[in-house]
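Here's the structure, in structure tokens; my notes come after.
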Amino acid sequence: MRNTHRLVIIGLLALTIASVGLAGCSRDDADHDDEIAGDRLQDWGGGDDWAAFGRTYGEQHFSPLTQINADNIDRLGLAWFYDLGPENSVTGPLEVDGMLYFATGYSLVHAMDAATGELKWIFDPEAAQAAGRKLRQGWGSRGLGWWNGKIYTGTQDGRLIAIDAKTGQQVWSVMTLDADDYRFIAGPRRAFDGKVIIGHGGADAASTRGYVTAYDAQTGEQLWRFFTVPGNPADGFENDAMAMAAQTWAGEWWEYGGGGTVWNAMTYDQELNQIYLGTGNGAPWNHRVRSLGQGDNLFLSSIVALDADTGDYIWHYQTNPGESWDYNAAMDMQIAELEIDGAARKVLMTAPKNGFFYVLDRLDGSLISAKPYVPISWATEIDLETGRPVEVPGVRYGDGGSFRVVPGTYGAHNWLPMSYSPRTKLVYIPAIELSNTFSERGVDIDNWVRPPDNVLDAGANAEFPLDEKGASALVAWDPVTQTQRWRIPTPAFWNGGTFVTASDLVVQGHIDGSFNVFSAHDGTKLWSFDAGSPPVAPPITYLVDGTQYMTVLTGMGTSGTYLGPILERFGLNPATQARRVLTFALDGKASLPPSEGSRVTIPDDPGFVENKASEDRGLTLYAQRCGICHGFRAVAVGVAADLRASAVTRSPEDFTTVLRDGALVAGGMPQFDELDDHQLADLQQYIRSEAHSARQASP
């Protein structure tokens, strides 16, 4: 079944205010409704709904549903699909009471009938137009939050918005960031116990100090805020935790922001009334620039436990003291109870970028165990006595040296979630194997100054080998024994998140366009569907009117700088790849139209003349401003155009209109009004040179 009806509600014009939404609602009523809402998010609850990014508070991405199982998997078929617009569609959907909710592009929120695909409403906050320079480093929404009849979305420009789940009308909106900073929101929102908690990104290209903020889910009133790194001591510290953290920093770190952004992972532990934060990398990355190469730099690359009611610090565990490789700890964290050495332990499990799988005690943050789940080069082990990694010599790449780190900055596991089955007691990880080489080549450590205007500069060079294709695997990991149970190679190095069911099925989409079901016991592939486009968004499953469904969105986003050549390898054209909602059920009979397997066509450019000096200058400009969306060597990945094929890059006038004048801001293309004529000419020359090289290499 194909559905194309669209009803659009423009968020900035939705005049419903919080007081209207709350009319006639007493605090007792709200408390009762919150209790009912909380029941839907319990790990022990039923599987009818998928009401949070990880389905439940525990972020296990586990469903107790069993209707679809290994005995009838051959009957699984496409129930319906829906064609989306050209915007980014790599997002984790929600399902509540038979309604499917997801966001595309810059927080364009959709609501549709989960059983039929009928579109009910679309909410557009017009975030791209409002974002300004915040638009340069973000990629739209990776997920939504739900609580008690409201959908919560965060926008690129920093708003947290509550939307009526039935009508699509705005209920309230609050600004969570400063209008003149370079923070932005892209990660999933989490709702718990009548609260919504939200963090932000933005530590890679600006002087950013990380924090999270909790708001009242009913009214939008700010309840508390926790900073993840200390600020300027002259201003005083917000709490004892910041005063303690400041002892682990050196120099004038606050001038650089510090980093530690909570851009993705947060997990609520109702039993202990704690919220766990997975914090990000340093700003800038290089420890020698950021903190004179001294101190652990708390709370970078850490798991931080806070009191869920007050935001007060309880404990922390740091995965990478003095982080210097973009090894953030912002990947999903799952809570569970495991029997370890004959005793039941309340644990938190996470597989961050650095390649080790960690099991922590949730009561005090103490390390129980840690082992690598992929090949690593930067450390030999995690010392269980100190909890600290044993780093190998030279890994900090200072004084003119370089070091090839494995895993690289993509990490051994990125934001696409792993899953945990309480039945098999295994974790299913979408693992990545990729390296890059760090050095300080061309970096003036003593006089480094952050470039203005939200421009990428990490205070270090992180170079990917041009010929490295990388690898990946779906890994079944035993968190008790810290051993691999099974491992299945997956295409290239970037694939989708997973969920696992009580019928012992593991579900994952791959970048080659396949949507797959595996046995949770041994990894046997039980079923596969050709989606015609990468279904790498996090999939979900739910029950409506007695029927179990599985839903996934297809199409690559813009977050994947080095993925363009992979799409070329699979014959996928970013400009024509299908962006769809796919929903499956037993005996589904729908079918997709034929895929457009065209490759990018790069037109002739008879006026091109090589100019090596200009191209070298243009390469630097491209790496700092363009590559994060338009791809490595201008090979497109997702919604951002393949510049090698763009007529705009051959016209100085059009190039200026788009880049400096901001003609395409409404469509998500940032404005670069700081570039002068010479810089524009160099940037244009570099892009044309990459197009020329691609034409020369093409058969």
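Some values worked out for this structure:
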item	result
Per residue convex hull volume, Cα atoms of segment 483-614, in Å³	152 Å³
Segment 499-522 versus segment 587-666: alpha-carbon centroid distance in Å	34 Å
Förster radius 51 Å - calculated FRET efficiency between Glu255 and Glu35 (Cβ-Cβ, nearest 0.05)	0.65
Equivalent ellipsoid, segment 433-531 (semi-axes from 5 times Cα gyration tensor eigenvalues, Å)	39, 16, 13
Stretchable slack from Lys589 to Ala343, in nm (0.36 nm times residue separation minus alpha-carbon distance)	83.6 nm
Reciprocal mean inverse distance between Cα atoms of the chain - Kirkwood radius, Å	25.5 Å
Within the chain, helix-based [θ] at 222 nm, where runs of 4 or more DSSP H residues each add -39,500 (n - 2.57), nearest 500	-3500 deg cm²/dmol
Once exposed loop trypsin sites (Lys or Arg not before Pro) are cut out (DSSP; at most 15 other Cβ, 10 Å), longest piece of the chain	167-422
C-alpha center-to-center spacing [segment 265-342, segment 683-699] in angstrom	43 Å
Antiparallel %, DSSP beta bridges [both residues in the chain], to 5	95 percent
For segment 282-385, diffusion coefficient by Stokes-Einstein and Kirkwood Rh (Cα), 4 °C, 1.567 mPa s, µm²/s	88 µm²/s
Under 12 Å from the Arg487 label point (7 Å along Cα→beta-carbon), backbone N, segment 358-392	372-376
Spatial separation of Cα centroids for segment 134-183 and segment 404-438, in angstrom	28 Å
Extension reserve of the Ala647-Arg225 stretch, reckoned as 0.36 nm per residue once the Cα distance is removed	147.2 nm
Ordering of 62-74, 272-284, 252-264 by packing [mean C-beta count within 10 Å, highest first]	272-284, 252-264, 62-74
Relative compactness, segment 612-697, computed as alpha-carbon Rg over 2.2 N^0.38 Å	0.99
Residues with amide H under 5 Å from that of Val639, placed H, sequence gap 5 or more	Thr558
Long-range Cα-Cα pairs in segment 228-284 (distance over 20 Å), rounded percent	34 percent
When each of Lys353/Lys525; Lys166/Lys353; Lys150/Lys353; Lys134/Lys612; Lys195/Lys346 is checked by Cα-Cα distance, pairs over 30 Å	Lys166/Lys353; Lys150/Lys353; Lys134/Lys612
Longest to shortest principal axis, alpha-carbon extents of segment 122-274, angstrom	52, 40, 22
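Throughout, read-outs are computed from the coordinates displayed, never taken from laboratory work. Fair warning: this is a prediction, and the values are worked out from it, not measured in the lab. Cβ: placed from backbone, ideal geometry, glycine included. Neighbour counts: every protein chain shown.
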